[in-house]
Amino acid sequence: MGVTDPGGDLGGHVAGAIRDAAMGVDPFAFIEIQRIFPGATYAAMLAALPDARHYRPLWGRHNENRLPDGRCTRLKFELLGEYVMHLPPAQRAVWAAVGAALRDRRIRDAFVERFAPALQRRFGASFRGVGLMPLPTLIRDFPGYTIPIHPDTPRKVLTVQFYLPADERSAHVGTVFHARKDGGFARARQMRFVPNSGYAFPVMPESFHSVDRLDDSVSERNSLMLTYYLDDGVLDRVRNRIKRVGSSIGYEARRLLRPARLAPQNF
């Protein structure tokens, strides 16, 4: 099964889904994206999800992803060559193609146009030329995972999440958007965690969101984050590339030290 649409232009297909997505403005600017990938591509992606041992733990800033027994409830696998090359050949072919397609400039430009007013507010009239670094990352969450209300670090410019469930039984575990109210926060909207759907928003001071704690009704929550990091000056570019090299070295070290079990998971 291939990972491209009949025309072979996966990047163009995703960019088109972004342009067609419904726009919302409450409690902040966002889009809800449907039919992100061609049907055959989506099926191939689900079939090719890597084993948990290929992922790395993603600890929260305040240890919210750590269970009392030390396990991490969120794992990540960046769709970059230095990680994808370790997958079995069939999986490698799928994720190499998807990772490359998601770095297509047309996808970036489609997001920038959809969120032009917010990005202009943040960066000024030259917002279209701001340097962005896309990082597509597979995410796997397990029961106990939660993330508190937060707006995302300003190192991020665009936050995008594509949901990867097999069916609609876990529709209730989507991301929650919040609005400030009476000195606190009110739940304003919740995304539906359903197949081949997702959302995106520009990172702004008001882009507060969270994920409710997962219970045992969902054994795992698979998604694909496409984060656009600020990559607009020498310091940004150096920091982003040093972080990539450091992460790769750490991954390889874990492979050598614990080749059969890269991530501390027993789910």
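Bear in mind these aren't lab numbers, they're just calculated from the coordinates by the rules spelled out. Source: prediction; values computed, not measured. Here the Cβ positions follow ideal geometry from the backbone for every residue, glycine too, while neighbour counts run over all protein chains shown.
Using a ≥ b ≥ c from the Cα gyration tensor of segment 85-169 (square roots of the eigenvalues), is it rounded, prolate or oblate, where a/c under 1.5 gives rounded and otherwise the larger of a/b and b/c decides, a/b for prolate?
oblate
Taking the Cα centre of segment 10-257 as the origin, how large is its charge dipole in debye, to the nearest 20, when only Lys and Arg (+1) and Asp and Glu (-1) carry charge on their Cβ atoms?
With Lys and Arg at +1 and Asp and Glu at -1, about 620 debye.
Rg/Rh for the chain: what does it come to with C-alpha atoms and Rh from Kirkwood?
Radius of gyration over Kirkwood radius for the chain works out to 0.94.
Once the other residues with Cβ under 14 Å from the Cβ of residue 246 are scored (Lys, Arg +1; Asp, Glu -1), what is the net sum?
+3
How do 139, 249, 149 line up, fewest other C-beta atoms within 10 Å first?
249, 149, 139
If you take the square roots of the eigenvalues of the alpha-carbon gyration tensor of segment 46-110 and sort them as a ≥ b ≥ c, do you get rounded (a/c under 1.5), prolate (a/b over b/c) or oblate?
Judged from the Cα gyration tensor, segment 46-110 comes out oblate (a/c at least 1.5, b/c at or above a/b).
In whole Hz and in residue order, list the ³J(HN,Hα) couplings for segment 77-88 that follow from phi through the Karplus curve 6.51 cos²θ - 1.76 cosθ + 1.60, θ = phi - 60°; x for Gly and Pro.
Listing the rounded values in order: 9, 6, 8, 10, x, 5, 9, 4, 5, 8, 6, x Hz.
Evaluate E = 1/(1 + (r/R0)^6) for residue 35 and residue 256, where r is the Cβ-Cβ distance and R0 equals 35 Å; express this FRET efficiency to the nearest 0.05.
That pair, residue 35 with residue 256, gives E of 0.25.
If the elastic network links every pair of Cα atoms under 10 Å, which of 11, 144, 183 fluctuates the most in the Gaussian network model of the chain?
So, out of 11, 144, 183, the one fluctuating most is 183.
Per 0.36 nm of contour for each residue apart, how much would the distance between residue 116 and residue 153 grow if the chain were fully extended, relative to their Cα-Cα spacing?
Result: 11.4 nm gained on full extension.
Check cross-link reach from residue 156 to the lysines: straight Cα distance under 22 Å, and skip same-chain residues fewer than eight apart.
76, 243
What ranking of 42, 83 emerges when the number of other C-beta atoms within 10 Å of each C-beta is taken as an exposure proxy, fewest first?
Ascending number of Cβ neighbours within 10 Å: 42, 83.
Given a 10 angstrom Cα cut-off, can you work out which residue in 112, 238, 203 is the most mobile in a GNM of the chain?
Maximum among the listed residues: 238.
Kindly identify segment 112-264 as rounded, prolate or oblate by the Cα gyration tensor criterion: order the square roots of the eigenvalues as a ≥ b ≥ c, call it rounded if a/c is under 1.5, otherwise compare a/b with b/c, prolate if a/b is larger, else oblate.
oblate
Going by C-beta contacts inside 10 Å, put 25, 173 in order with the fewest on the left.
25, 173
Between 42, 207, 193, whose Cα lies farthest towards the positive end of the dipole of the chain when Lys and Arg beta carbons carry +1 and Asp and Glu beta carbons carry -1, centred on the Cα centre?
Of the candidates, 207 comes out farthest on the positive side.
Give the residues of segment 45-68 whose amide nitrogen is closer than 18 Å to a point set 7 Å from the Cα of residue 220 in the direction of its Cβ.
Residues passing the 18 Å test: 45-59, 66-67.
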